[in-house]
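Here the structure is laid out as structure tokens; the discussion comes afterwards.
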Amino acid sequence: MRIFRCALIAVFLPSLVFTTNSTAQAQQLAQTPPMGWNSWNKFACEVSEQLIGEIADAMVSSGLKEAGYQYVNIDDCWQVSRDAQGNIVADPTRFPSGIKALADYVHGKGLKLGVYTDAGRLTCQKRPGSFDHELQDAKTYASWGVDYVKVDWCYSEGLDPEVQYVKFRDALAQAGRPIVFSICNWGVKAPWRWGPKTGNLWRTAGDISDKYDSMSLIGFGQNGLEKFAGPGHWNDPDMLEVGNGGMNRDEYRTHMALWALLAAPLLAGNDLRSMTAETKEMLTNRDVLAVDQDSKGVQGHRIWEEGPLEIWAKPLADQSQAVGLFNRSEAALKMALDFKAIGLNGPAKVRDLWEHKDIGTVRDSYTVEVPKHGVVLVKVSR
């Protein structure tokens, strides 16, 4: 019996060690939520090396790179087939120079390149998926110089996400290059429970659309998931729609402020080449971005709710707190933040983060009018 037990240990111990190492390696990446751009929300399947190169150029010239955005991610439709050896093939018409040459160009701008695949048999747009090709694809991406991979969950009937995404995690660990691993299975089988041991971020809900109702349903629905997030592993409520035209300024400010409080990945989804000054200001507001990227790595949560009014708070590394006062109603309303709700007694310093304005020292509570579908985002400190 002892011999049999020792044999079992000998068989399973290498697997256990590899799994532990894979998890540790993955969690060294994305110590703060990833910031960058993704092609899907604006361009869907209309991707090409020309577009991605121009977006990389615009990320630098617009100031987004300087503000912290670094990933330029190609979503679905870049791939068309597999060759005789099973290697994934990029669309030769849209990407005539190949993905490696594009990665080299992006890297030359001081940025990083991301690609998309699917854990199932096909991608959502019916291109080849990575099922049964996990290690082969991971090694291919590494050889191209890819820095980020988003793995979707279409055409996955009969598969278990908890099993399939672990395969991809272990494949990336063997690929020989640090690659951020984005799990995109829309919240199926509660990925926040197993995601921290598997990927760097995981989608918590279905796809976002450029409408206030969609954004607010997903964003405000994140409450309760904060205990699963932290450095190296983040809840992902989906990409940003800021600047795509379906919401007004106050609604986009709500979108940006809520994602920052949620310590969510910030992946812009607009056309960086032609964005307005207003959109650029929202995406590059350093006070707001600092909330998202705070080194404490805590996801904010709701601390108060009354009808359509909500207050969310996020503890920061400097002992202050970022607080969002959200008005989900159809009219402007006054809201009050009682400092006791965030653990402060007596006066506190308040700074309006959207306006870059120090309000000054305020006694006991802070009252402000919040626009319809809008937010007032403040930093509160002793």
- Message: Given axes a ≥ b ≥ c from the Cα gyration tensor, I'd like to know whether the range 315-382 is rounded (a/c under 1.5), prolate (a/b larger than b/c) or oblate.
- Response: prolate
- Note on the structure: The answer for MET35, listing residues at least 5 apart or on another chain whose modeled amide H is closer than 5 Å to its amide H, is GLN70, TYR71, LEU266
- Helical mean residue ellipticity (222 nm; -39500 (n - 2.57) per DSSP H run of 4+; nearest 500) of the chain: -9500 deg cm²/dmol
- Gain upon complete extension [THR367, LYS227; 0.36 nm per residue less C-alpha separation]: 47.5 nm
- Task: Report, in order of residue number, the helices in the chain meeting two criteria: a C-alpha extent of 27 Å or more along the helix axis, and a mean Kyte-Doolittle hydropathy of at least 0.0; treat each whole DSSP H run as one helix.
- Result: 2-27
- Which percentage, to the nearest 5, of the DSSP beta bridges contained in the chain is antiparallel? 60 percent
- Query: Taking θ as phi - 60°, what are the ³J(HN,Hα) couplings along the range 303-310 by the Karplus curve (6.51, -1.76, 1.60), each to the nearest whole Hz, with x for Gly and Pro?
  - Reply: 10, 7, 8, 8, x, x, 9, 9
- Item | Range in the chain, longest, excluding exposed GluC sites (Glu not before Pro) [loop by DSSP; at most 13 other beta-carbon atoms within 10 Å] | 158-329
- Query: Between the range 198-233 and the range 82-152, what is the C-alpha centre distance in whole Å?
  - Reply: 25 Å
- Additional length obtainable on full extension of the chain from LYS197 to ARG177, 0.36 nm per residue less Cα span: 5.3 nm
- Local electrostatic count at ARG273 - Lys and Arg +1, Asp and Glu -1, tallied over other residues with Cβ under 12 Å: -1
- Arrange the following residues from fewest to most other Cβ atoms within 10 Å of their Cβ: ASP210, ASP152, ASP91. ASP91, ASP210, ASP152
- For MET239, MET35, what's the fewest-to-most ordering of other Cβ within 10 Å of each Cβ? MET35, MET239
- Enter the Cα centre distance for the pair the range 300-347 and the range 154-180, rounded to the nearest angstrom. 38 Å
- Length-normalised contact order of the range 301-381 in % [C-alpha pairs under 8 Å, at least 6 apart]: 33 percent
- Query: Rounded to the nearest 0.05, what FRET efficiency do ILE359 and ALA277 have when you use their Cβ-Cβ distance and R0 = 30 Å?
  - Reply: 0.75
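Values in this text are rule-based calculations from the coordinates and carry no lab data. Please read these numbers as outputs of a predicted model, since none were measured by experiment. Cβ: placed from backbone, ideal geometry, glycine included. Neighbour counts: every protein chain shown.
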